[in-house]
Amino acid sequence: MTITADDIVTKVCQLSSLYQLSQEREQLGEPCLLLMYVGDGTVLGSNDSEKAEAARFLREADFMTAVVSEGDISDELASTADLVLRADETDEYVAKLFKDKTKKQIKEINACFIKARTAPAEEVLATESRAFYRLMADKNGGNSNE
């Protein structure tokens, strides 16, 4: 497993099991987006306990997660991540997603993605609304009136 981290994106390559990620949390840093490059043999875990731990780790992550592959991805792997990306489109997608955005704007986007994992629609919309007002307040130099 190879981990490359910067301020916004952490890339994990040569990943044989997503369970490995839960064991190497500290090495991932504090990214806004975790790109998990998987191959044909990549699995969630080797047993039910490992699978549950890996799924829980990704569900509770404080960052967006994406499974990246050159080929087909199993439903099991795809269901654990926020996004599923083709390897040849990943750099372009990341560039578009974060283009011209400040770290604060990216964190607000993250908050919405993270809330969307498990919360009901009303909570997701409330999170989006609060993020919008906070960002508008920053842009206009005023209060967010939350």
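The values are calculated or read from the model by the stated rules, or taken from the named source; none is laboratory data. Just so we're clear, the structure is a prediction, and the values are computed from it rather than from any experiment. Cβ sites come from the backbone with ideal geometry, for glycine too, and all protein chains shown count toward neighbours. Surface accessibility is based on the protein's heavy atoms, side chains included, excluding ligands, DNA and RNA. Shrake-Rupley method; radii C 1.70, N 1.55, O 1.52, S 1.80 Å.
Scanning region 73-97 for residues that are closer than 18 Å to Phe113 by Cα, open to solvent by 50 Å² or more (accessible area, probe 1.4 Å), in a helix (DSSP H, G or I) and touching a residue at least 12 places away in the same chain (Cβ under 8 Å) yields nothing. Has region 82-100 got any residue that is at pLDDT 85 or above, more than 26 Å from Leu15 (Cα to Cα) and touching a Cys at 6+ places or on another chain (Cβ under 6 Å)? No, because not a single residue in region 82-100 is at pLDDT 85 or above, more than 26 Å from Leu15 (Cα to Cα) and touching a Cys at 6+ places or on another chain (Cβ under 6 Å). For region 123-143, a residue qualifies if it is open to solvent by 50 Å² or more (accessible area, probe 1.4 Å) and not in a helix (DSSP H, G or I), and the qualifying residues are Gly141, Asn143. Asp6 meets each of the listed conditions (1) within 21 Å of Ile114 (Cβ to Cβ); (2) open to solvent by 10 Å² or more (accessible area, probe 1.4 Å); (3) at pLDDT 90 or above apart from (3). Among the residues here, Ser22 does not qualify as over 30 Å from Lys139 (Cα atoms), in a strand (DSSP E or B) and over 13 Å from the mean Cα position of the chain (by Cα). Among the numbered conditions (1) open to solvent by less than 60 Å² (accessible area, probe 1.4 Å); (2) at negative phi; (3) in contact with a strand residue (DSSP E or B) (Cβ under 9 Å, 6 or more places away or on another chain), the only one that Lys11 does not meet is (1). Residue check: Ser46 meets all listed conditions (1) modelled with pLDDT under 90; (2) assigned to a helix (DSSP H, G or I) but one, namely (2). Looking only at region 59-72, decide whether some residue is basic (Lys, Arg) and out of contact with any Leu (no Cβ under 6 Å at 6 or more places or on another chain). Within region 59-72, one or more residues are basic (Lys, Arg) and out of contact with any Leu (no Cβ under 6 Å at 6 or more places or on another chain). Of the residues contained in region 56-65, none is found to be in a strand (DSSP E or B), free of Cβ contacts under 8 Å to residues at least 24 places away in the same chain, under 22 Å from Lys115 (Cα atoms) and of a type in the set (Val, Ile, Thr). Counting only residues that are part of a helix (DSSP H, G or I), over 21 Å from Ser79 (Cα atoms) and either without any contact (Cβ under 8 Å) to a residue 40 or more places away in the chain or open to solvent by 50 Å² or more (accessible area, probe 1.4 Å) (or both), how many does region 102-122 have? Number of matching residues: 6. Taking the listed residues Glu30, Glu70, Glu50, the one that is among the acidic types (Asp, Glu), touching a helix residue (DSSP H, G or I) at 6+ places or on another chain (Cβ under 8 Å) and surrounded by fewer than 14 Cβ atoms within 10 Å (Cβ to Cβ) is Glu70, with no other qualifying.
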